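See below for the structure under consideration.
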Amino acid sequence: MNKKAIGMFDSGCGGLTVLKKYMKLMPNEDFIYFGDTAHLPYGDKSPEKIIEYCEEIVKFLISKDVKMIIIACGTASATAYEYLKNKYDIEIRNIITPTASTLTDKNIGVIATKATIKSKAWKKAIHSFNPTANITSVACPLFVPIIEECLIENEGTSYFVKEYINKLNIKSSNISSIVLGCTHYPLLKQQIQNEVGANVRLIDIGEISAKDSLNYLIANDLQNTPEHIGTIELFASDDFESFKENAKNIGFTI
Ligand code: DGL
């Protein structure tokens, strides 16, 4: 048993889609979430810069005495995870490996930020479990700004969803599953599903990550007590008011 909180971070509000899944699966856990709004978006930054930003957040979460840290950001998982895991003693988990380990499809699509696609992290991770999978990857750089600017319901959004999804060539590539490789993207899930049709499965990395972390807590006897009611504490590196507004739109009241 361990009553400390779980630390979690993203460049902004995207990781809250992951936090939601954790809260549902682990109602007895406390969470400390950090949105790096001062440096958003990560997707067009260099790996060096992303590592620099993430390291500051990891130090902040360690100063809050968390029991483990979840990188609730695809871009940070793709670029900074290895560095952070090797440098810090605390348990740090990325959101790519657990998802990749579940993918058995022959033809898989991955949509994510530019930095994530450039890193080839998804390709490497999926091929380590499923070596013959054909993977089609497409960067969708406009999705994060659309979400952070609260334009999800805007009629222009479906235009950009169509543009990016067309690049996957779902029919000719026979794609049966698409990984939403950025934690912001579940907020566009409905629009994406409308575009790809009901027969293509959209992979929810938050849910898989939550199950994976719960298994880790159980295996290491690190769960909070069953009678404890979990809490969340949110932090942002800039403009906490806008961050709070976004969080509210995703169903978090602070
Ligand atoms: N949620 C981040 C991810 O999963 C967004 C990246 C960004 O800030 O561009 O990749």
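List of remarks:
- Share of alpha-carbon pairs per 10 Å distance bin for region 193-254, given as whole %: 16, 25, 35, 22, 2
- 12 Å beta-carbon shell around GLY43, net charge (K/R +1, D/E -1): +1
- Near GLY43, no amide H atom lies under 5 Å from its own; only residues 5 or more places off or on other chains count, and H is placed 1.01 Å from N.
- Here region 42-92 and region 187-254 have alpha carbon centers that stand 17 Å from each other.
- Site-free segments of the chain were taken between GluC sites (Glu not before Pro) in DSSP loops having at most 15 other Cβ atoms within 10 Å, sites themselves excluded; the longest one is 1-148.
- Dimensions in Å of region 1-89 - Rg and Dmax from alpha carbons: 12.6, 40
- Qualifying aspartates and glutamates (Cα of each under 12 Å from Cα of LYS24; at least 8 residues distant if same chain): GLU207
- Neighbour-count ranking [beta-carbon atoms within 10 angstrom, fewest first] of THR75, THR102, THR231: THR231, THR102, THR75
- Think of region 104-190 as having a plus end and a minus end, set by charges on the Cβ of Lys, Arg, Asp and Glu; of VAL110, CYS182, TYR164, VAL110 sits farthest toward the positive end of this dipole.
- Convex hull volume per residue in cubic angstrom - Cα atoms of region 54-159: 131
- Shape box of region 111-171 [Cα atoms, principal axes, largest first, Å]: 40, 25, 15
- Cα gyration tensor shape of region 141-218, rounded if a/c is under 1.5, else prolate or oblate by comparing a/b with b/c: oblate
- This model, with +1 at the C-beta of Lys and Arg and -1 at the C-beta of Asp and Glu, gives the chain a dipole about its Cα centre of some 940 debye.
Read-outs: derived from the displayed coordinates by stated rules, not from any lab. As the structure is a computational prediction, the values presented were derived from the model and not from experiment. Positions of Cβ are generated from backbone atoms using ideal geometry, with glycine treated the same way; all protein chains shown enter the neighbour counts.
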